[in-house]
1. Got a sec? Which of Lys143, Lys77 is touching a Leu at 6+ places or on another chain (Cβ under 8 Å) and either of a type outside the set (Val, Ile, Thr) or modelled with pLDDT of 85 or more (or both)?
2. Pairs, please: C-beta under 6 Å, at least 6 apart or cross-chain, first residue over 22 Å from His392 (Cβ atoms) and in the same structural domain as Ala437 (by TED's automatic domain parsing) and in the range 468-493, second part of a loop (DSSP other than H, G, I, E, B) and modelled with pLDDT of 85 or more?
3. Pick from the range 431-465 the residues that are assigned to a helix (DSSP H, G or I) and crowded, with 16+ Cβ neighbours inside 10 Å: which of them is modelled with the lowest pLDDT?
4. Looking at the structure I just gave you, is Asp244 at pLDDT below 80 and farther than 30 Å from Leu323 by Cα?
5. In the range 285-338, what residues are free of Cβ contacts under 8 Å to residues at least 12 places away in the same chain and either of a type in the set (Gly, Ala, Ser) or crowded, with 21+ Cβ neighbours inside 10 Å (or both)?
6. If you scan the range 341-361, which residues turn out to be surrounded by fewer than 21 Cβ atoms within 10 Å (Cβ to Cβ) and free of Cβ contacts under 8 Å to residues at least 40 places away in the same chain?
7. Select from the range 205-235 the residues that are outside any helix (DSSP H, G or I) and polar (S, T, N, Q) and list them in ascending order.
Amino acid sequence: MEIAIIVIAAIAGIGAGAGAVAAYNKKNENGGKNRADDLIRKAKNEASDIVSKARKEAADIAEKSQNEENDRRKEWKRTENRLSERETTLDSKLDQLEKKSERLVKQEKEIEGLKGEIRTIRDKQHEKLEKIAGLSKTDARDKLMKMTENDIKADLVNLVAKEQKEIKHDVDETAQAILLTAMERMSSEVTADRTITALKLPDDEMKGRIIGKEGRNIQALQRATGVDIMVDDTPGMVVLSSFDPIRRQVARYALERLMKDGRINPSSIEEVVAKGEKEIEKEVVRAGEDAVREVGLVGIPRELIHLLGELKFRTSYGQNVLLHSVEMAHMAGMIAEEIGADKRIAKTATLFHDVGKAVTHKIEGKHADIGAELAKKYGMSDEIVHAIAAHHDDIEPTTPEAVIVKICDAISAARPGARNISAENFAERMRDLENIATSFPGIDKAYAISAGREVRVIVEPKQVDDLTALKLARDIANKIEATMSYPGVIKVNVVRETRAIEYAK
């Protein structure tokens with residue numbers, strides 16, 4: 001390309017020179033021939049120099065290109081040699097591997113042959129032994145197992161008891177340390193206020209104002225709130241009755257404001273009830289947000305926070321459900337941190353484990369199932385849904401977080417004074433414990449002691465040996481777990497005692 005440009009430039013130069021000469025000749029015909037000849041010679045010399053220079057540069061470029069081509073060919077040749085050497089090496093290795101594989105196949109066949117010979121020899125030895133002993137292989141094995149069992153039965157009982165004691169000691173110490181650490185760090189109230197369902201009347205005149213002429217006021221109040229209001233059942237008290245705790249709170253708010261103002265009529269009742277609904281709604285949202293913030297959770301759906309706030313006005317055996325849930329969430333976080341479980345899942349599941357109680361007056365079913373459905377509906381993870389559904393053993397808990405929820409529920413509910421349990425329920429539980437224990441054969445007596453925390457079982461020593469006593473304790477505990485609902489842990493203590501008495505005369 002460069003050579004072509006140079007040649008074109010030279011030709012252009014020659015043409016330009018010739019044109020200049022012709023023009024000059026036309027202009028100076030009478031005395032310019034010599035000068036024109038000089039210009040032509042000069043132009044030819046310059047063109048010759050340009051062509052020579054272009055040829056030299058072209059030769060240099062061609063030589064450089066040839067050298068580069070030679071270098072590339074040499075590099076390709078070296079690469080081809082290396083690939084050829086590698087191919088030779090790989091072929092050699094493949095040959096070696098094939099030879100090794102053939103040797104291994106041959107050795108495997110030899111080993112299988114030896115195994116067959118050994119099995120044949122062993123079968124012949126077994127036949128000879130059976131003829132000498134007069135017993136078949138199965139009979140000899142059964143007889144040996146029976147003799148061994150009789151010889152080591154006592155040792156086995158002692159070993160099982162020792163291992164159980166050591167395991168129980170280690171497990172109890174670890175569990176107690178974790179639970180005590182969580183409970184010491186979480187020192188909240190153990191008793192909670194009940195939902196207010198009754199208001200004290202200042203005087204009989206106020207009672208008449210609440211009822212109104214021909215019962216107009218109390219009817220308007222009942223229609224506006226959806227709550228049954230009874231003023232004659234308890235002297236000096238107004239009793240509010242409703243399955244919906246939010247409505248009951250609205251009615252309480254409205255009655256307090258109306259009694260304080262003194263002006264009670266259908267129009268003022270509607271105004272106060274509407275204001276009460278707004279105030280209670282704000283209180284519900286604020287309670288839910290405060291609980292979530294206190295536990296340290298973020299990203300919770302607004303619908304679940306609202307339902308959680310409604311639990312502020314719900315009690316279970318006298319224990320406030322929201323305070324119970326917050327307390328559980330704190331303990332669950334501590335326990336999860338100690339054992340390496342997922343802290344967020346444990347805290348979220350415990351905080352919302354009773355959220356189904358906020359709508360049990362609207363939806364039929366167990367609150368654990370309802371709570372799990374609500375959590376699933378609002379996008380909670382499967383682990384949280386499972387932990388909520390399993391906290392009352394309706395389904396088997398299969399994750400550490402689900403077990404933590406169950407444990408924290410038992411701890412919070414079992415605290416002294418946390419819940420109100422009637423004497424009838426307590427006596428019934430004690431009877432159930434004793435009846436479960438006596439339903440097994442070989443039981444002489446059974447007593448529920450330590451406020452139902454232990455059941456002591458006395459067995460007939462002639463019918464139940466030491467090994468059976470261990471199994472009996474486990475069976476009784478399993479049946480209690482399967483058939484009863486109780487907070488905490490119940491100890492099953494099986495006692496086997498043999499007394500030999502004789503009199504010297």
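1. Lys143
2. Within 6 Å, the pairs are Ala469/Arg496.
3. Gly452
4. On the way: at pLDDT below 80: yes; farther than 30 Å from Leu323 by Cα: no.
The answer is no for Asp244.
5. Gly299 - this is the single residue of the range 285-338 that is free of Cβ contacts under 8 Å to residues at least 12 places away in the same chain and either of a type in the set (Gly, Ala, Ser) or crowded, with 21+ Cβ neighbours inside 10 Å (or both).
6. At the first step, the residues of the range 341-361 found to be surrounded by fewer than 21 Cβ atoms within 10 Å (Cβ to Cβ) are 341-344, 359-361.
Correct list: Lys343, Thr360.
7. The answer is Thr234, and nothing else.
The values are calculated or read from the model by the stated rules, or taken from the named source; none is laboratory data. Keep in mind that what you see is a predicted model, and the values were worked out from it rather than measured. We place every Cβ from the backbone using ideal geometry, glycine too, and count neighbours over all the protein chains shown.
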